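Worksheet for the structure shown next.
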Amino acid sequence: MSLVERDLKVIWHPYTQMQTAQAPVPIVRGEGACLFDESGKKYIDAVSSWWVNIHGHAHPYIAQKVAEQLQKLEHVIFAGFTHEGAVELAERLLKLLPGNQQKVFYSDNGSTANEVAIKMCLQYWHNSGEARTKILAFKNAYHGDTFGAMAVSGRSAFTAAFDSLLFEVEFIDLPTEENIQSLKSQISSLKSELACFIFEPLVQGAGGMIMYEAKYLNELMKHCREENVLMIDDEVFTGFGRTGKNFACDHLTEQPDIMCFSKGLTGGTMALGVTTCSTQIYDAFLSDDRLKTLFHGHSFTANPVACAAALASMDLFIEPSTRQNIERIEQMHTLFLQKIKNHSKIKTVRQTGTILAMEWETGNDTSYFSSLRDTLYNYFLRAGIILRPLGNIVYILPPYCITNDELAYIYSHVERALDEI
Ligand SMILES: *Cc1c(COP(=O)(O)O)cnc(C)c1O
């Protein structure tokens, strides 16, 4: 039996309608920005394998550091015990973040990083004896697939089966010059009930690579600060260079109370989540009263192998060549954007840092499930490019090590698709 046949017998894939989905592609190895299937066919990973990979696949330096860690310590319970990797990673990560971020709480992925953040905020008010339980979020947001993270995400086809069980959230529009004043008054009118405001900074990823200006987010954050509403900056997607700076918050002057990381954290090697917070948050849990403890943890909290991968990824991330690569991709994207922005089949095209998103004309079928999406996905796959459109939004966000030739190959096939489909 082939790998694909065996897969179809036993595997249930994520975000996949198993009855109608085409067979999965059996990948056997990766190198740089590319993946290779059983038959040796090469695919350029233009979506960084669901946005996690930043330094390329099977990076030898990360592999070496992970292998060394595995021979020393694979795991240890993180309540009552600690280890070098977790401490060093926390020290080094905090140095890269806004000055008010002082403590690190580990978990396993982006959704759990957000769950922890939400629980920190809710319990912050609980511990302080104030009844604030409402959460503010953006319409169309995506913060993950577990229940709390799903609740603060926009309601959609993905959440429909669970909507009646999701806690109530105040959803507001993305800030613009036109609506910023009315958003501020909305926040002011709710402030005594609001536990926190959670947001994806600058780019709403899963919502369709929707981009908005740092300036207005900054203004909104300033207002939240004045109104004493805690802020959760979900950098699970935007962290580690995606937006052109180290973190999206580096485009802002206001500082969030809490930040969440995952995807790029280990370079896309291991599952790891991080929630960081200010001393103000942390101190609200310090007490002789045991009930004020943050009762949250996962079996694999701060797994040493994942921490080793994150430390190795950070070594690579802070190398000047990585910064140069990010700038190179930004420039290449901008040139391509200029070239295709007036194409008759392109509705809009937008860019933030290494993220380029193109909205295709579809006539009237614009849903995530549009047939254009499948047509495009297969078109690019045949050409050896992994692009996974969100409905009619085709986006390119490659590992930073992608070569100019590989980028040019992707662009030329986007142009071809524009002419042929
Ligand atoms: C992907 C994503 C998450 C969820 O992360 P998982 O690791 O998939 O659970 C949360 N927030 C944002 C902004 C994301 O893009």
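Filtering the range 263-296 to residues that are away from the ligand (no atom under 16 Å from the Cβ) and open to solvent by less than 50 Å² (accessible area, probe 1.4 Å) leaves Cys277, Ser278, Ile281, Ala284, Phe285, Leu294. Taking the range 173-196 as the range and being modelled with pLDDT of 95 or more, more than 23 Å from Ile355 (Cβ to Cβ) and not in a helix (DSSP H, G or I) as the test, the residues that pass are Glu178, Asn179, Glu193, Leu194, Ala195, Cys196. If you check Thr334 against the conditions, is it away from the ligand (no atom under 16 Å from the Cβ), assigned to a helix (DSSP H, G or I), of a type in the set (Ser, Thr, Tyr) and surrounded by fewer than 16 Cβ atoms within 10 Å (Cβ to Cβ)? So Thr334 passes the test. All of (1) within 16 Å of the ligand (Cβ to nearest atom); (2) open to solvent by 50 Å² or more (accessible area, probe 1.4 Å) hold for Leu165 with one exception: (1).
Of all residues in the range 122-135, exactly one satisfies the criterion of being within 27 Å of Asn179 (Cα to Cα), away from the ligand (no atom under 16 Å from the Cβ) and not in a loop (DSSP other than H, G, I, E, B), namely Lys134. Residues of the range 66-104 that are more than 23 Å from Leu316 (Cα to Cα) and in contact with a strand residue (DSSP E or B) (Cβ under 8 Å, 6 or more places away or on another chain): Phe78, Gln102, Lys103. Considering the range 1-70, the qualifying strands (runs of 3 or more DSSP E), each wholly inside and each with 3 or more residues that are open to solvent by 70 Å² or more (accessible area, probe 1.4 Å) and modelled with pLDDT of 95 or more, run over 27-31. Of the residues examined, Ala195 is one that is open to solvent by less than 70 Å² (accessible area, probe 1.4 Å) and more than 30 Å from Met314 (Cα to Cα).
Only one entry of Glu91, Glu74 meets the criterion of being away from the ligand (no atom under 16 Å from the Cβ), acidic (Asp, Glu) and part of a helix (DSSP H, G or I), and that entry is Glu91. Would you pick out the residues in the range 222-248 that are farther than 25 Å from Ser185 by Cβ and within 16 Å of the ligand (Cβ to nearest atom)? Answer for the range 222-248, where residues must be farther than 25 Å from Ser185 by Cβ and within 16 Å of the ligand (Cβ to nearest atom): Glu235, Val236, Phe237, Thr238, Gly239, Phe240, Gly241, Arg242, Thr243, Phe247, Ala248.
Is it the case, given these coordinates, that Pro98 is assigned to a loop (DSSP other than H, G, I, E, B) and away from the ligand (no atom under 16 Å from the Cβ)? Yes, satisfied. The residue pairs whose first member lies in the range 260-277 and is at negative phi, whose second member is within 11 Å of the ligand (Cβ to nearest atom) and acidic (Asp, Glu), and whose beta carbons are closer than 8 Å, counting only pairs six or more residues apart or on different chains, are Cys260/Asp233; Cys260/Asp234; Cys260/Glu235; Phe261/Glu235; Ala271/Asp108; Leu272/Asp108; Gly273/Asp108. Residue under question is Glu406, and the condition is that it be in contact with a strand residue (DSSP E or B) (Cβ under 7 Å, 6 or more places away or on another chain), assigned to a helix (DSSP H, G or I) and modelled with pLDDT of 95 or more; does it hold? Yes.
The values are calculated or read from the model by the stated rules, or taken from the named source; none is laboratory data. Fair warning: this is a prediction, and the values are worked out from it, not measured in the lab. FYI the Cβ positions are ideal-geometry reconstructions off the backbone, even for glycines, and counts take in every protein chain you see. When the accessible area is computed, the model is the full protein with side chains, heavy atoms only, and any ligands, DNA or RNA have been set aside. Shrake-Rupley method; radii C 1.70, N 1.55, O 1.52, S 1.80 Å.
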